[in-house]
Structures are given as structure tokens and as C-alpha cells.
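Below is one structure, written out as C-alpha cells; comments come after it.
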Amino acid sequence: MCLSSERTTGQISLKGSNDTSAPGATATSGPSSGSSQRSQPSRPVDGFGLSGTSDLPDPATHAYRKDLADAALAGRVIASHYADPLVRHLVADATFLAEPDEEDGVLGTLGSGDEMRVLDISRGWAWGYGPDGRVGYVRAEAVGV
């Protein structure tokens, strides 16, 4: 059953439910799912304030971009999405690059069988941690399943 809220004058009711936000006596016996007391405002979690200057981890050894970050970095960096790296082994030799561009930023060469902890495979590139812990890109066809 899908619950949706409907706005009515003076109270809020849930479609498919007899519960409302209005205080008062109920015709049924038993506990009500509502509360007659006001709830306390939520308090910020210690150690997760978003104020002051950022102290970002080294991007050469910590995988994060604006659109995606290693789930282990949640709370340290802000990204649209977080993912756990998946262990994959290369099926072919590949150039390990700092950026998805074969003309720029060669970090080294990875061999067939080398392990890579992959966070993203898209647009012909795999992005993640190389065997030495550095973050970079290889051509997607070099990554096995």
C-alpha cells in the first residue's frame, strides 16, 4: 500500500490510515502512532560539522571526485554518490593514468593479473585504486570481471 499525505484544514492525514496529526480522543482503543508531545529538535552529530576550512585527503591516494567518492571517505569529502571499491584483476596490460586522457599524467603501467579496486567504469575508463594504492584510470577493456 502506498501512503501519501493530503493537506486538510487544521490537520494532516495519511491516505490509507486512520492516524492524523490532530490531537484529541480516538474512537479506537489501543496506542496511537502520533505523539501529543512536541519532539525535540535534532542535534548535529559531533565531528561532522560543515564549517571552517576543508582538510581534504590527498587525491593521489584517496579516491574522490565531485560525482563519486570511496564510501570510506563519507564524512570527510562531499560527493554526489559514494561507492565501495570492487576488486578486479586486469586481463591485459594497461597504462595507469592520473586523468582519463592518454596524453596526460602517466602514473605507470599495470600488468595483466594486477589487482585494481574499481569505483567506476564508464565512458571507456575504469577509475579506482591501483595495486600500490594510488588513484587513477585505465582503459575499461583492460579490467576483468
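Overview of results
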{"item": "Karplus-derived HN-Hα couplings along the stretch 130-143 (A = 6.51, B = -1.76, C = 1.60, θ = phi - 60°), whole Hz, x at Gly and Pro", "result": "x, x, 8, x, 6, 9, x, 10, 9, 4, 4, 5, 7, 9"}
{"item": "Where labels lie 7 Å past Cα in the beta-carbon direction, separation of SER122 and VAL145 in nm", "result": "2.1"}
{"item": "Sequence-distant residues sharing a close amide H with LEU68 (under 5 Å, placed H)", "result": "SER80, HIS81"}
{"item": "Cα Rg over Rh - the stretch 69-142, Kirkwood", "result": "0.97"}
{"item": "Euclidean distance of C-alpha centroids, the stretch 59-74 and the stretch 81-127, integer Å", "result": "15"}
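Every read-out reported here was derived from the displayed coordinates using simple, explicitly stated rules and does not represent laboratory data. No experiment lies behind these values; they were computed from the predicted model shown. Note that we place each Cβ from the backbone using ideal geometry, even for glycine, and neighbour counts take in every protein chain shown.
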